[in-house]
1. Across segment A:35-52, which residue is nearest to A:Val17 (Cα to Cα) among those that are open to solvent by less than 60 Å² (accessible area, probe 1.4 Å) and more than 11 Å from the chain's Cα centre (by Cα)?
2. With the checklist (1) outside any strand (DSSP E or B); (2) within 10 Å of chain A (Cβ to nearest Cβ) in hand, flag the one item B:Gly160 doesn't pass.
3. Among the residues of segment B:227-254, write down those that are within 11 Å of chain A (Cβ to nearest Cβ), within 16 Å of B:Pro126 (Cα to Cα) and not β-branched (Val, Ile, Thr).
4. Before we move on, is B:Ser260 hydroxyl-bearing (Ser, Thr, Tyr), assigned to a loop (DSSP other than H, G, I, E, B), away from ligand 1 (no atom under 16 Å from the Cβ) and more than 23 Å from A:Asp120 (Cβ to Cβ)?
5. Taking the stated definitions as given, is A:Asp149 open to solvent by 20 Å² or more (accessible area, probe 1.4 Å) and closer than 17 Å to B:Gly95 by Cα?
6. Residues B:Ala70, B:Ala78: which one is in contact with a Lys or Arg (Cβ under 9 Å, 6 or more places away or on another chain), free of Cβ contacts under 8 Å to residues at least 60 places away in the same chain and of a type in the set (Gly, Ala, Ser)?
7. Restricted to segment B:192-221, and to residues that are facing chain A (nearest Cβ under 9 Å) and modelled with pLDDT of 95 or more, which residue is farthest from ligand 1 (Cβ to nearest atom)?
Amino acid sequence: MKVLVAVKRVVDYNVKVRVAADHSGVDLTNVKMAMNPFCEIAVEEAVRLKEKGVATEIIAVAVGPKEAQEQIRTALALGADRGILVEAADVQPLGVAKLLKAIVDEEKPELVILGKQAIDGDNNQTGQMLAALAGMGQGTFASEVNVADGSVKVTREIDGGLQTVDLKLPAVVTTDLRLNEPRYASLPNIMKAKKKPLDIKAPGDYGVDVTPLVKTVKVEPPAERQAGIKVADVAELVDKLKNEAKVI
Amino acid sequence: MSVLVYAEHDNASLKGVTLNTVAAAQAIGGDITVLVAGSGCAAVAEAAAKIAGVSKVLLADDAAYEHQLAENVADLVAEVGKGYSHILAPATTSGKNFLPRVAALLDVQMISEISGVVNATTFQRPIYAGNAIATVESSQATNVLTVRGTSFDPVAAEGGSAAVENLGVAKDAGVSSFVGEELAKSDRPELTAAKIVISGGRGMQNGDNFEMLYKVADKLGAAVGASRAAVDAGFVPNDMQVGQTGKIVAPQLYVAVGISGAIQHLAGMKDSKVIVAINKDEEAPIFQVADYGLVADLFEAVPELEKLV
Ligand SMILES: Cc1cc2nc3c(=O)[nH]c(=O)nc-3n(C[C@H](O)[C@H](O)[C@H](O)COP(=O)(O)OP(=O)(O)OC[C@H]3O[C@@H](n4cnc5c(N)ncnc54)[C@H](O)[C@@H]3O)c2cc1C
Ligand SMILES: Cc1cc2nc3c(=O)[nH]c(=O)nc-3n(C[C@H](O)[C@H](O)[C@H](O)COP(=O)(O)OP(=O)(O)OC[C@H]3O[C@@H](n4cnc5c(N)ncnc54)[C@H](O)[C@@H]3O)c2cc1C
């Protein structure tokens, strides 16, 4: 079966972003970019399915700027077979989901794996929206995925613990942190990835309008916390909590 | 304006976060309707009818909604929600699961995890692990929003007397089914609603050592949380993770024990009123957000804390 994975180019998770001086957004000049960590987990899961003989082909898709080719190449180095980049800037989740839906219609994968959230927008929407548009079942926040007999069992990390659902294929899965530990790409595989096919498309090729529906008015830094004090020992700590902060 | 609020519950009782979501609905303005979807959940609908400020309760009581399967719930909410200007759900794993699906069915761009209401079409939400707060505006016919509970003070659970209307319709989308669940059982308060939270990190070394935190927690009536590192290492279950990609908490008191203070962890707790950090490394970033920092070995400090509180 074919597996489609979505990979998003985002600010590296180690970077503490700064709000731009004019409050139009965050300052991303010279900031390190990387594949969204949840998408790395998605790629890893797809590669494991291929290693198990469940998946036959893995297609990595990104919607983003020209530079997002780097993230597709990373996915190809990790084991994806080919890539598709839909070149467009700042597409909101509904737009991304519509593009992915159009690609799903063309490629007919049995499983689509996405990250549960992108660590820049923190939206946690795209997979669910794609599932809705494609009329598929969804296994979000997955910590375990088992494909068998035309269905997929997904164990999900929920607020109260874990829930397992059974979805008819084709289906959408979004990854949580505990699904797997992604591997690193080896140098020979990085070289090989350069020769794998990568199609560049535009939203218009799929007839999808990606005009943003939600406008960002401004972006501000969060309220700063006042620096606190160091206490000498547990007795002083308890005294402060009881008599100064009055929280215990 | 008319706001539809989706109630969070376990078929037996209404979850407190629903009250925070109604508070966000009040900030938006207009008539507030609460939708209760579940199975054998009439008591939940009765509780929802008593919430202050709610004018109507819709009840969809059917096996199709028993486990809150996103496919079934989204079809219902998209259908019922058509007549409303706003559809709100708490930003819990349940709300995050089905509401984007509703938005896509209605062809609208949802706004996730709002932390503030500027006016009926303008909202604030944290992005980049809370390192920036975006103000966003939507001119769409329906505004579909999840609400960060800790950002809105709950409305009163009593005082209202709304009518409960039964929705006869129910449909199973037929693409998913419930297999089972493993829910953590705990007599401690719920993490996101607790007044005091004590969290342990990698510094705890193993799951058994969390007993030390449970003992302090039980003396204080606190909930116990954890960093991702502690969950990944298998010390404690996933539902205890606090952070950007776990639970967001904002208690009166947050005590971080053996946690370094990575931005992803801070994103989940830095709106707490008072923060205490216990860490043996005086350079640990957690001290930058702590009101009271104690540089100490946790294996000495925590047992002592248990004696003194
Ligand atoms: C400060 C700021 C201001 C912005 N202003 C605007 C604006 O005015 N207009 C505008 O249109 N956009 C704007 N954006 C961009 C936009 O909000 C988000 O990048 C977009 O909404 C995607 O959300 P997400 O990645 O958080 O989605 P999520 O739903 O969290 O992503 C989940 C998963 O979906 C998949 N996915 C998501 N996006 C892609 C993608 N592009 N390619 C491949 N897979 C993907 C990935 O697997 C990902 O892990 C802004 C972003 C920021 C941070
Ligand atoms: C995509 C993504 C999402 C993430 N989401 C989250 C999230 O939601 N929540 C989260 O918490 N993290 C998250 N993380 C992980 C985060 O980056 C950190 O790795 C994690 O928070 C570290 O956990 P920690 O502080 O327990 O461990 P460490 O960073 O290893 O810190 C352990 C601390 O314990 C102290 N210590 C050790 N022994 C003792 C002792 N005997 N006495 C006192 N102190 C001691 C050490 O000095 C150290 O400061 C995420 C990461 C990524 C990439």
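The values are calculated or read from the model by the stated rules, or taken from the named source; none is laboratory data. Note that the structure is predicted; figures quoted are calculated from it, not measured. Note that we place each Cβ from the backbone using ideal geometry, even for glycine, and neighbour counts take in every protein chain shown. Note: accessible area is taken over every heavy atom of the protein model, side chains too, but ligands, DNA and RNA are not part of it. Shrake-Rupley method; radii C 1.70, N 1.55, O 1.52, S 1.80 Å.
1. A:Glu44
2. Result: B:Gly160 fails condition (2) only.
3. B:Gly243, B:Gln244, B:Gly246, B:Lys247
4. Values: hydroxyl-bearing (Ser, Thr, Tyr): yes; assigned to a loop (DSSP other than H, G, I, E, B): yes; away from ligand 1 (no atom under 16 Å from the Cβ): yes; more than 23 Å from A:Asp120 (Cβ to Cβ): no.
For B:Ser260, the condition - hydroxyl-bearing (Ser, Thr, Tyr), assigned to a loop (DSSP other than H, G, I, E, B), away from ligand 1 (no atom under 16 Å from the Cβ) and more than 23 Å from A:Asp120 (Cβ to Cβ) - is not met.
5. No: the conditions fail for A:Asp149.
6. Values: B:Ala70 fails: free of Cβ contacts under 8 Å to residues at least 60 places away in the same chain.
Exactly one residue qualifies, and that residue is B:Ala78.
7. Filtering first and then ranking leaves B:Leu220.
Rundown of residues vs (1) aliphatic (A, V, I, L, M); (2) within 21 Å of the chain's Cα centre (by Cα); (3) more than 11 Å from every other protein chain (Cβ to nearest Cβ), yes/no style:
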position	(1), (2), (3)
B:Ala141	yes, no, no
B:Leu145	yes, yes, no
B:Pro154	no, yes, yes
B:Glu165	no, no, yes
